[in-house]
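Below is one structure; the comments refer to it alone.
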Amino acid sequence: MSCTRLGLSLLLLAALGWTEDEHGSEDSSHPKKKGPGHGHWSYADKDEWPLEFPDCGGQMQSPINIDTNSTIFSRELQPVVLAGYNLDPSEQLSLMNNGHTVVLRLPGSLTIASGYPQEYRAMQLHLHWGSPEGPGSEHTVDGRRYDGEIHMVYYNPSSDSIKEAMRQPGGLAVLAAFLQVGPEDNVHYQHLLEQLHEVQEEGKETTVAGFNIEGLLPANLGRYYRYSGSLTTPSCYQTVNWTVFNQTVLLSKEQISLLETTLQGDDDKDLQNNFRLTQSLHGRKVLASFQASLSPRRVPLPDDGVPPMTPAPDGATERSTAEAPGAGAGCPPCADSEKQLGFALQTAEVLAGLFGGLFAVTALAFLIYIYKQRSQTRRPDSHPKPNVIYTAATTDENAV
């Protein structure tokens with residue numbers, strides 16, 4: 001029965017024209033040609049995307065750099081609530097290497113029940129990563145790039161079809177979380193990573209037994225950034241309500257390495273650095289569901305607006321997650337910087353208390369001294385005696 005449902009789902013997706021990479025596999029029948037005019041793209045020629053896909057040159061493009069000091073706190077942003085994510089192992093999910101990333105098809109029964117003004121239904125999830133030479137998240141926070149990034153893609157079911165939803169403002173939603181090196185394997189990601197060797201070549205596809213998909217996201221779904229943007233791959237439709245979680249997901253160094261070195265893309269080359277550089281905001285606002293504190297360490301952006309690529313620390317927190325900078329809770333995505341800031345603030349408070357106490361004692365002693373001096377001045381016999389030797393006066397000297 002599950003195989004029949006999977007077959008029907010794939011036929012439905014094909015009928016709806018599911019060819020855009022951000023929402024599934026690219027059409028496997030495309031010619032192995034790159035560049036403008038060929039309908040095929042690669043990360044090597046991303047500067048030429050707007051020539052073939054005009055929306056890629058728009059002013060609401062993604063990803064972006066999230067400047068935590070410029071985010072706007074919004075009380076209207078409620079915690080994200082997911083429904084139907086704990087799938088039975090009997091349900092088989094399609095996992096595919098489409099030449100740009102690894103894609104896991106998700107059943108429409110997975111929904112975002114709360115956190116958006118309307119319900120969204122799941123379509124697929126995929127990953128972005130770097131290489132052994134550097135990290136590869138798409139979004140950055142205060143100029144920092146993380147080891148990787150997961151995107152769960154959803155559509156608004158009020159549209160007549162997925163294809164129409166992709167072209168409607170707010171028709172799509174993406175839940176994004178940063179991947180970061182931690183101290184141990186992440187058991188939730190093992191369901192995907194242990195199957196990567198089966199889809200090593202472009203176009204290869206396999207099945208994965210159902211598991212708890214929610215485990216791929218951070219434990220805290222209440223702290224996030226929200227902005228309006230686009231798909232990060234052609235056709236770059238500017239119809240996405242982005243949610244970028246503040247808490248990161250921790251994978252072991254070996255798991256990150258497996259992601260960076262297993263798959264092959266175009267021309268049988270290693271599939272690495274499959275991320276788009278950050279795009280200008282063009283006046284867009286980035287909302288935050290929490291009060292973001294000032295970032296303890298700001299990385300200035302170069303003139304071209306592209307954040308530098310910096311390696312993520314190997315620190316970790318409980319539940320395979322860490323907090324993003326600017327959150328007041330640690331790591332953006334690193335716990336070390338916020339902990340250092342908190343320790344520095346505590347130290348400053350202790351020193352301030354000590355100096356305040358010393359100042360108070362000194363001031364009190366000075367006031368007591370002044371009081372004694374003034375008291376002695378009021379007494380007739382309190383005049384200071386000159387430094388001389390007195391002799392008794394003779395009778396003659398005392399005569400009148």
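Go through the stretch 157-238 and tell me which strands (runs of 3 or more DSSP E), entirely inside it, have 1 or more residues that are buried (at least 22 other Cβ atoms within 10 Å of the Cβ) and of a type outside the set (S, T, N, Q).
Working: elements: 172-182, 205-209, 224-229.
Here the list reads 172-182, 224-229.
How about the stretch 59-115: which of its residues are more than 27 Å from SER235 (Cβ to Cβ) and in a strand (DSSP E or B)?
ILE72, PHE73, VAL81, LEU82, ALA83, ASN86, GLN92, ALA113, SER114
So TYR155 fits all but one of (1) under 29 Å from ASP267 (Cβ atoms); (2) in contact with a helix residue (DSSP H, G or I) (Cβ under 8 Å, 6 or more places away or on another chain); what number is the exception?
Of (1) under 29 Å from ASP267 (Cβ atoms); (2) in contact with a helix residue (DSSP H, G or I) (Cβ under 8 Å, 6 or more places away or on another chain), only one is false for TYR155: (1).
So HIS30 clears everything in (1) at pLDDT below 95; (2) surrounded by fewer than 20 Cβ atoms within 10 Å (Cβ to Cβ); (3) under 21 Å from the mean Cα position of the chain (by Cα) except one condition, right? Which one?
(3)
Just one of the numbered conditions (1) buried (at least 23 other Cβ atoms within 10 Å of the Cβ); (2) under 19 Å from the mean Cα position of the chain (by Cα) is not true of TYR120; which one?
(2)
The values are calculated or read from the model by the stated rules, or taken from the named source; none is laboratory data. Remember, it's a predicted structure, so these values are computed and weren't measured experimentally. Cβ atoms come from the backbone with ideal geometry, glycine included; neighbour counts cover every protein chain shown.
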